[in-house]
Each structure stands twice: as structure tokens, then as C-alpha cells.
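Below is one structure; the comments refer to it alone.
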Amino acid sequence: MNKFAIEKTTLRHGWPLLALLPFSIQAAIVDNKTVDGKEDTMVVSATPGAQAGKEIGYQPHKTVTGTRTESRLLDVPQAVNVVPTQVLEDRAVRNIDEALYNVSGITQSNTLGGTQDAIIKRGFGDNRDGSIFRDGVRSIQARNFTPSSDRVEVLKGPASMLYGMGEPGGVINIISKKPELVQKTHIEGWGSSFKGGGGQLDVTGPLGTSGLAYRMVVDHDETDYWRNFGRNRQTTIAPSLMWYGEDTTVRVAYEHMEYLTPFDRGTIIDPKTGKPVNTPRDRRFDESYNATRGDQDSVTMQVDRNLNDRWKSSLTYSYNRNRYSDNQARATKYNANTGVLTRQPDATGYAHSQAQIVQLTLNGDIDWGRINHQLLFGFDYEADRTFRGDMMRGTATSGFNIYNPVYGQLPASIAVNAKDSDQRENIDSKALFMQDAIRLNDRWQLLGGLRYDTFDVMAGKGRPFLTNTDSSYHRVVPRAGIIYSLTSYSSLYASYSGSFKPNSNIANNIGALPPEIGKSYEIGAKLDLPNRITGNVALFDIEKQNVMVKVDDNLYRTAGKVRSQGVELDLAGSLTDTLSLIGSYAYTDARVTADPENTGKRMPNAARHTASLFLTQDFGNIGMATGDDLRAGAGARYVSRRAGDAANTFYLDDYTVADAFIAYSLPLNGYKVKWQLNVKNLFDQTYYPSSGNNLRVAIGEPRQVVLRASIDF
């Protein structure tokens, strides 16, 4: 039984029609633009908050992630990277990995066969590590960069004082598109060389004259998988409302996504060479039923109120969930002499993860004498639930030769394993925190904060259910920083910050182990040249302790330590009025410093060197039509070799991948029409971005050409 049989789409031959899309849309709507030969005009007065945080071009100036309030990048004593909207549009970003290509110190971790976002920051991170946020709220979803995403911010280093439990490498905050009080419509269609394509509608505007605005994003994307079988499909609908009152703003947002993606563990390592086996990169070693099908939902309600000229409050409620089922033919053993791979059919019948979060904050802007205090008081509540129901486990079977594969000989498993089923993990946390950003004078600023967090963890599995983790702890987490302003556009800073993360294990009995604890020291310099370049250089030293290590089959203890040291450089902005750039470099030395077996070993998937540069030239009017505009850009990213597993038994080679785009736009009867061609992996490089182990090595996508056509009015 193939639970994941997929019909082919008719979009695969739609390239010629795609090029004509703007003309057909323009012809359909031009008659509605005028009435009796006169153009309709709507005049709306919007509060400044309607466009708060909106920035143009490649150069960012502010962040909402670095202090949980809108702050200048210069005023945050930690490295903060912002990937602006324009960069995401130029690069035609469709997932979180692509969004972070130009951020320093970022690599991919084990994505569970391409089914989960998994990002390493400064040497730390994994799938489901709780480091990805949406509008400042932790996300438990599998796919976090969605068509409703507007920009991405990354706060480097420990962030538990602001955001609670997490790895010490940092947090990723995806900022959503918001309803606007100006009527705008964006219609777009695209076709891909991966045989498929998609379309998007993004419309926003006022509802009446009372300050109420709406936004609706509808998106569908469907292509063949680039390897020899499989299909990618994703459909998203994201309505939202926002009311801009005189002293109050209210936002209600909902997003629903349905997805189908190959569950592809990639290739395997040849033990004779320590390199991936020599087979065509598009050859899969699993079966056609290897796929994950699911849906995810999120609901957010936020109320912000200015209490007076000095104080304002914010209340946020968020619910997000991810539900899925999957099938896989999982590689369990490889015989390098015969080329025969042993595989086991496994499946998850039903899995459900959800998070409910309440955030309450109070912000104050207070002058005590000549000293200004930006105060933040807050309360956070979070309840995370993870459940995996029927876990199917088949019998490991050999006979699949990777050099001469015959598919269809290993049926999907339908045998439920009672011992592995009903996997659960519950994490509940409550926290109080406060932060004070003190401006002593025009030169000196101090930042200090404390968080008191209590959390309960329960995890286990089986029918009957066996509890393997049961713990309750509390932590006080500090944050401190100092900033010296050299000029109005440059500053130096130093900071200390901490993190914590509960130790939890569904499969093995660990009892009540204390949480992982992280601490970081960081010094750096920042630059924000008006209408030119924003930059940051940082030196950091991070240590994580209480890492859970296995003593024997029945005993675990917190004896492990990991340390990451390095330097980062990030630049974004404009070199000239027409030439923009975004680029980065990072040196990261992430190693195990205490462990019964792996002391001195490098952290898996953490690259010692990463670098990137992307340049975009705006040629302006080229004379083909009045008011037309031509833009083109190209760049590359480099990732050095990485350890493929915790024991460093093999390494993934370094790689350099280039991308390019060209975009042409022109006005037609008052509408902006645009064509954009993106080429990803320009030189068709074969590379391996991450690894789970020697039988699970991810393969990077080959060259992909995407042609997009859009109209804005």
C-alpha cells in the first residue's frame, strides 16, 4: 500500500503562459480602474505604527529581536543580523536555509530527511531545538519560513533572558507581513526547471475608515522532486486583521499550510574512502512511499497599548501546531564490498506537536535625573506538547544494490510497535523577567536584565506508557552589556549572556537530570553609515555544560561540555547609489571539551569557516520603455569541511555555491509589471550541506532555474 501516491500537475509545461501572466492580469483589471473615465482615488490616514520597522533596500537599521522592543542595531550589545525584504525578494527565497545564506556562522544541521528546519548558529543547534520564532513567539512547526514572511532577524549568542529555554548559539525570529492601511495587491506566478511551479496572491488594504486593515496571502507551490522520484507540494493561506487605533493596535493572524515532501535521507558514506558513495546524485536509496504529509496552523492575537507618553503594554497569545504522518525505507547497514544496502521500513502513523504561549510585557521610558532608562518588565507562559502515536517498525531486509537498484521490493510497514508508540514530551514553563537599557550620556549605555524561569518536563513512550524523563527546575538567567558610541553611526560593545535548556529523552530513562547551561562573552563593533553600510564584527566565547552523555545502556549523566569560540563579520547595504551588497564571514571553532568518548572532537555539521557575498546592481531605466528598470545580482557562499558525526569518523567536503538573478520591471497603465529569472546553484555544484550519520548524508539541490512574473497595483 502506497499511502503517498501523488498525481502529476499540469503546471509543468506552463513556461510560455507564465511570461504572459502580467499582460493577462492587467487586461482583466484595467476596466475596473476607472469609472466614467475618471480614476478612483482612496485617501487613508495611517498612524506611524502602520509602517513601524519597515525598511527599504539591503541596509537594516533596527531590530525587534535584540531587546524585545524596537531598537537601533547600534544600541544592542550582541550581534544581530537582519535579512531585509528586498534580499528575500531578489534571491526568491522559499525556505529558512535560503533566507540565511548571507548570515555569518550559519550551517545546516540534521533535517530528518528534509522534513524539519535545522539550523546551527555559532556551532549549536539541531532540528526541533526551539530556536526559531515567529514574531517573537517560539514556533514548534516543521516549516517556519512561509509565504507570509516579511524579513528574518538573527540574535547571536545566548538569549534565554529574553526568550527562555534554548541553545546558546542564538535565536532566529521570522517577522510576518502585516496588514496595511494602503490598498496594495500583488499577484505572482512562477515556473521551475524542476517541472512545476506555483502562484501567489498577496492583498492588503483598509476596511472602512476606522483604522481597520486586512491582509490575505494565498500561495501554492508544486514541483517534481529533483531526484529520481518524489513530489514537493505546499499550499498556504494566511489571513490577518489589524486595527490601528489612536493609542491601541490589535492584530489577529491565522495561517494554515498543507504540505507533502519527500522523506529523503540522501546518500551514504563509503567506509573505504570516507566519502559519499560514487553513484548519480539523483539516485535515491529508498522507496516511492518515502514521504511526509502534514499540515500546520498558527493563530496569533496581539494587543499593544500606549498607556501614556512614557509607558506602553503588550499582550500576546499564540497557538501553533504541526501534524504529520510519514513513511520511510530506512538504511540500517551498508556492505561496501557488495554494494548491498540493508533497509528497514518504518512509519509514523500520526504525530502532533503544539505550543500555547502567553506573553505580557510593560515598557517604560523614564528619565531619572540626566539618565534615561528604557525599562522592560514581562511574564511568559509556555506549554509545549509533542505526541507520536502509531510507530510502525518493519523487518530489516538486505538485497538492495545501490549500483544496480531495483525498487518496489520492500513494502511499507503496517506493523505497529507497541513499545515505541505513544511517544510524548510535555514541557511547561513560567517566567518573570526585567531589563533596563540605561543611557548614561551621549557616549555610554548599559544594559542589564534578569529572568526567573520555572519549568517542568515529562517524556516517555510505550503501550503501556513508561516515563523516562520527569524533572522540575528553576533558573535565574542574566544578561549584561555595555556600549560606547564612537560617533552617531558607530559603537563598541561588550556583553555577557546566559542560556538554559531542559535535558529530556523520550526513548531512554534519564530520570531528573539538571538542564544544560550556557554562558557567553562577546565583544564587538558596529557601524551604521546613513544610506550606505550597516556592519558588525564580533568575537565570542561560548561554553555549554551539563550536556547529557551516555555512561552505559541504562545510565545517563550530565558530564558533557562544549565550547565554541570565533569571530564574525557581517555587512549589508549599498556601496553606491545603485550597487547593493550583503555578505559575511565567520570563523567558528566548536569542540567537545568534556565527554567520555569525544573530548577534543569537532561538533558535527559545524563549519570552521563560512563566507558569503551577494551583489546587486540597479541599472535603472534602460530605454526599452518609459519608466522601466533593470536589476541584476550574483553571489556565492562558501562552507568549509565539517565533521559528519559526533565521533568525527568522516567529514563532509567544503563547497562553494553561486546564485544569480535578473529582474526587469516597467509600468503599464499605472501597474508595476515585473519579470524575474533566478538561477540557483549556477554552476551545478554537487555538495553535501549536512549529515545525520554515515547512512544519512543530505545532498544539496542541483541547478534550478525559476522564472517569475508579477503585477503590483
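Computed from the coordinates by the stated procedures, all read-outs in this text should not be read as laboratory data. Nothing here was measured: the structure is a model prediction, and the numbers come from that model. Because the Cβ atoms are built from the backbone with ideal geometry, glycine has one as well, and the counts that use them run over all protein chains shown.
When peptides 144-153, 394-403 are ranked by their average number of other Cβ atoms within 10 Å per residue, the highest-first order is 144-153, 394-403. Output the pairs from 526/680; 461/519; 430/461; 312/544 with a Cα-Cα distance over 29 Å in this structure; if there are none, say none. Beyond 29 Å: 526/680; 461/519; 312/544. Distance from the Cα centroid of the range 329-365 to that of the range 396-465 is 9 Å (rounded to whole angstrom). Sequence neighbours fewer than 8 away in the same chain don't count; with that in mind, list the aspartates and glutamates whose C-alpha is under 15 Å from residue 419. Straight-line reach from residue 419, under 15 Å: 346, 390.
State log₁₀ I(q)/I(0) for the range 633-696 at q = 0.16, 0.17, 0.29 Å⁻¹ as given by the Debye formula over alpha-carbon point scatterers of equal weight, solvent excluded. The Debye formula, applied to the Cα set alone, gives -0.67, -0.70, -1.14.
The calculated P(r) of the range 316-451, using every Cα pair and 10 Å bins from 0, goes 10, 22, 17, 15, 13, 12, 9, 2 in percent.
3J(HN,Hα) along the range 442-453: 5, 9, 10, 9, 10, 9, x, x, 9, 9, 10, 10 Hz, from the Karplus curve 6.51 cos²θ - 1.76 cosθ + 1.60 with θ = phi - 60°, whole Hz, x for Gly and Pro. Packing around the peptides 275-281, 201-207, taken as the average count of other Cβ atoms within 10 Å per residue, puts them in this order, highest first: 201-207, 275-281. Dividing the convex hull volume of the alpha-carbon atoms in the range 541-675 by its residue count gives 163 Å³ per residue. Ordering 438, 396, 606 by the projection of their Cα atoms onto the charge dipole of the chain, which places +1 on the Cβ of Lys and Arg and -1 on the Cβ of Asp and Glu, puts 396 at the extreme positive end. A Cα-only calculation for the range 336-416 places Rg and Dmax at 27.6, 80 Å.
For the chain, the Cβ-based charge dipole about the Cα centre amounts to some 1540 debye (Lys, Arg positive; Asp, Glu negative; other atoms uncharged). Taking N as the residue count of the range 404-527, its C-alpha radius of gyration divided by 2.2 N^0.38 Å amounts to 1.74.
Taking amide H as placed 1.01 Å from N in the peptide plane, the amide H of residue 700 sits under 5 Å from that of 687, 688, each at least 5 places away or on another chain.
What does the charge add up to near residue 259, with Lys and Arg as +1, Asp and Glu as -1, over the other residues with Cβ less than 9 Å from its Cβ? Each step should come with its number before you reach the end.
Values: positive: 143, 233, 293; negative: 258, 295.
After counting each charged neighbour, the total is +1.
Which whole-number percent is the relative contact order of the chain (Cα, under 8 Å, 6+ apart)?
Working: 2111 pairs, mean separation 89.4, N = 713.
Once normalised by length, the contact order is 13 percent.
Among the listed values [x] 3, 13, 20, 22, 18, 13, 6, 2, 2, 1, 0, 0, 0; [y] 3, 13, 24, 28, 20, 9, 3, 0, 0; [z] 3, 12, 18, 21, 21, 16, 7, 1, 0, the one computed from these coordinates for P(r) over Cα pairs in 10 Å bins from 0, in percent is [y]. For the range 117-220, taking the reciprocal of the average inverse distance between every pair of different Cα atoms yields a Kirkwood hydrodynamic radius of 15.9 Å. Shown here are the Rg and Dmax of the Cα trace of the range 188-304, at 21.4, 71 Å.
What ranking, highest mean first, results for peptides 173-181, 656-664 when packing means the other Cβ atoms within 10 Å averaged over each residue? Display every interim value, and only then the final one.
Values: 173-181: 21.8, 656-664: 18.6.
Per-residue mean Cβ counts within 10 Å order the peptides as 173-181, 656-664.
Charge tally for residue 460 (other residues, Cβ to Cβ under 10 Å; Lys, Arg +1; Asp, Glu -1): -1. Here the 3J(HN,Hα) profile of the range 171-178, calculated from phi with Karplus coefficients 6.51, -1.76 and 1.60 at θ = phi - 60°, is 10, 10, 10, 9, 9, 7, 5, 10 Hz, Gly and Pro shown as x. Shape descriptor for the range 567-632: Rg over Rh equals 1.37 (Cα atoms; Rh from the Kirkwood inverse mean 1/r).
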